[in-house]
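**Student:** Okay, handing you the structure first.
Throughout, read-outs are computed from the coordinates displayed, never taken from laboratory work. Small disclaimer: the values here were computed from a predicted structure and weren't measured. Cβ placement follows ideal geometry from the backbone for every residue including glycine, while neighbour counts extend to all protein chains displayed.
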Amino acid sequence: MATMINEPVNRSILATWKKHFDARGDVYAPIFYDDFKPGGVLFIGMNPSFNPKGFRKVVRDTEFEKLDPESFYLWRNISTHPELVDTCIEIGRHVHAKYAYFKRMHEIANAAKTHYQHIDLFVYKQTKQREFLPLVREDKKGKLNEFGRDQLDIFLEVLKSIRPVVIVVANASASKIVQEHFDRQITFDNERGFHWLMLNGSRVPIFFSSMLSGGGALDTGSYERLKWHIRQAANEQPRA
């Protein structure tokens with residue numbers, strides 16, 4: 001089989017979907033990750049949304065403009081044609097370049113004079129968070145089920161491999177899960193006004209925030225303060 005982009009991570013994602021969904025035709029394929037660039041600002045969301053209308057707008061005037069997302073992204077299609085993982089990633093590059101969701105991430109990284117990357121805690125596509133969370137929780141208290149834990153294991157490996165200069169968890173529910181998982185590895189710095197996470201034996205600044213764009217996003221004033229704070233934290237850290 002041909003080499004896959006970011007093969008170790010994406011093979012793990014494929015294996016997780018095969019474990020939990022076999023070849024079901026009523027489930028969408030997960031997101032797959034492009035090659036990672038070490039360092040920079042790492043933004044973490046909860047899980048990817050799936051918006052066919054928005055997809056068509058993003059891929060307009062590209063080689064993918066005639067692609068039907070609702071059939072292409074079915075897990076049954078990707079599971080039987082794993083070579084399409086690279087196609088998913090190529091489409092994702094257009095999404096990152098054009099989708100308004102990433103605009104403020106670009107702005108923050110530019111202000112900090114570094115690059116940025118975005119990953120999710122979970123790779124399951126579902127737009128409504130209230131419908132997604134029961135799929136990865138064992139109970140209403142928030143304990144993760146096996147499906148949730150399997151995805152979180154992938155997230156942790158990705159986090160360690162990127163070795164970011166600054167981490168921004170840009171989702172309230174994702175922030176809660178990260179804080180619960182790392183627990184004593186997270187401390188608050190009263191002088192600098194942000195948290196530290198012990199990662200790979202080193203301290204990394206980590207910010208917990210609500211979403212940067214869309215419904216319930218940070219207001220302009222809060223966003224400008226967060227951008228300033230991230231820039232200060234990034235400037236204190238050694239660059240990869």
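**Student:** If each DSSP helix of 4+ residues adds -39,500 (n - 2.57) and the sum is divided by the residues in the chain, what number results at 222 nm, nearest 500 deg cm²/dmol?
**Tutor:** Here the helix-only value at 222 nm equals -13500 deg cm²/dmol.
**Student:** Over the Cα atoms of the stretch 77-160, what Rg and Dmax result, in angstrom?
**Tutor:** 15.7, 43
**Student:** Provide PHE102, PHE122 in ascending order of the number of other Cβ atoms located within 10 Å of each residue's Cβ, fewest first.
**Tutor:** Going from sparsest to densest Cβ surroundings: PHE102, PHE122.
**Student:** Per residue Cα convex hull volume for the stretch 17-236, in cubic angstrom?
**Tutor:** Per residue, the Cα convex hull of the stretch 17-236 comes to 135 Å³.
**Student:** Separate question: Using just the Cα positions, wrap the stretch 1-117 in a convex hull and report its mean projected area in square nanometres, one decimal place.
**Tutor:** Result: 8.0 nm².
**Student:** Once you have the Kirkwood Rh of the stretch 106-145 from its Cα pairs, apply Stokes-Einstein at 20 °C and 1.002 mPa s and quote D in µm²/s.
**Tutor:** 170 µm²/s
**Student:** To continue, here is another question. What distance in nm lies between label points placed 7 Å from Cα along the C-beta direction at ASN145 and ARG24?
**Tutor:** 0.9 nm
**Student:** DSSP loop (so not H, G, I, E, B), at most 13 other Cβ within 10 Å: list which trypsin sites (Lys or Arg not before Pro) in the stretch 62-142 pass both filters.
**Tutor:** When the trypsin sites (Lys or Arg not before Pro) of the stretch 62-142 are filtered for loop state and at most 13 Cβ neighbours within 10 Å, LYS66, LYS113, LYS128, LYS140, LYS141 remain.
**Student:** Another one. Would you calculate the convex hull of the Cα atoms in the stretch 124-237 and tell me its volume per residue in Å³?
**Tutor:** 124 Å³
**Student:** Still on this structure, I have one more. What distance in nm separates the simple spin-label points at ASP35 and HIS106, each placed 7 Å from Cα in the Cβ direction?
**Tutor:** 2.3 nm
**Student:** Roughly what would the spin-label model give for ARG11 and ARG56, points 7 Å off Cα along C-beta, in nm?
**Tutor:** Output for this residue pair reads 3.8 nm.
**Student:** Quick one: SER175, SER161, fewest Cβ neighbours within 10 Å first, how do they rank?
**Tutor:** SER161, SER175
**Student:** For the chain, find the longest principal axis of its Cα atoms and tell me its angle to the long axis of helix 146-162, 0 to 90°, nearest 10.
**Tutor:** Taking the Cα atoms of the chain, the angle to 146-162 is about 60 degrees.
**Student:** Mind checking which of PRO134, PRO48, PRO30 has the largest fluctuation in a GNM of the chain, springs on alpha carbons under 10 Å?
**Tutor:** With Cα springs under 10 Å in the chain, the top fluctuation among PRO134, PRO48, PRO30 is at PRO134.
**Student:** Determine which residues of the stretch 143-173 fall in the zone a paramagnetic label at ARG203 would reach in this model, i.e. backbone nitrogen under 15 Å from the point 7 Å along Cα→Cβ.
**Tutor:** Hits in the stretch 143-173 for ARG203 at 15 Å: 166-167.
**Student:** Another question, if that's okay. Of VAL123, VAL136, VAL41, which has the largest mean-square fluctuation in a 10 Å C-alpha GNM of the chain?
**Tutor:** VAL136
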